[in-house]
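Only one structure is covered here, and it is reproduced in the block below.
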Amino acid sequence: MVTFVVVSEYIQDPPTEFGRVKIAGGPLYDLARVQALAMDEDKLLAWTKKCRNDVDKYFAGDYAEVVELIQRVSSRNYINSEWCENGSGRIAACDAYSVKRAEDVPATGKREIFEYFLKFAIGKTGNLVLVISCHT
């Protein structure tokens, strides 16, 4: 049995073993509240190393791009909710969404549709969005 430290506002029934554990009954967080918090880049935290790497890879570290993606999300984009671990014994209950966005591709000069997958939680203090995942 593993003991995790829950860092998300949602704390009910955390897992006791490693691995992805789905959470029924989501979404867990009010999307409008997440979007309002995310308007302030200082309230965003790329919580996992992979997320930080992906923000660097896809957006050259520009968190304004992450804010813009979160603002595009609607309830119809909801995928599921699950517990996510950051590699240091801390876990967060997260909502996962997908969102599509048209972007110019410099290499081809064409406009293409990219689908991004976002996973986020509201931190335990209620004033921070923990971005767990942000990738195509």
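Could you check, for the range 47-55, whether at least one of its residues is on the phi > 0 side of the Ramachandran plot and either open to solvent by less than 60 Å² (accessible area, probe 1.4 Å) or in contact with a helix residue (DSSP H, G or I) (Cβ under 9 Å, 6 or more places away or on another chain) (or both)? No, every residue in the range 47-55 fails to be on the phi > 0 side of the Ramachandran plot and either open to solvent by less than 60 Å² (accessible area, probe 1.4 Å) or in contact with a helix residue (DSSP H, G or I) (Cβ under 9 Å, 6 or more places away or on another chain) (or both). The set of residues in the range 86-131 that are open to solvent by less than 70 Å² (accessible area, probe 1.4 Å), under 15 Å from TYR58 (Cβ atoms) and either at pLDDT below 85 or β-branched (Val, Ile, Thr) (or both) comprises VAL99, VAL105, VAL131.
Go through the residues of the range 99-117 one by one and say whether even a single one is assigned to a strand (DSSP E or B), under 17 Å from THR48 (Cα atoms) and out of contact with any helix residue (DSSP H, G or I) (no Cβ under 6 Å at 6 or more places or on another chain). So far as the range 99-117 goes, yes, one or more of its residues are assigned to a strand (DSSP E or B), under 17 Å from THR48 (Cα atoms) and out of contact with any helix residue (DSSP H, G or I) (no Cβ under 6 Å at 6 or more places or on another chain).
The values are calculated or read from the model by the stated rules, or taken from the named source; none is laboratory data. What you are looking at is a predicted structure, and each value in this text was computed from that prediction instead of being measured. Methodologically, a virtual Cβ is constructed for each residue, glycine included, from the backbone with ideal geometry; neighbour enumeration extends over all protein chains shown. Please note that ligands, DNA and RNA were not included when accessible areas were found on the heavy atoms of the full protein model with its side chains. Shrake-Rupley method; radii C 1.70, N 1.55, O 1.52, S 1.80 Å.
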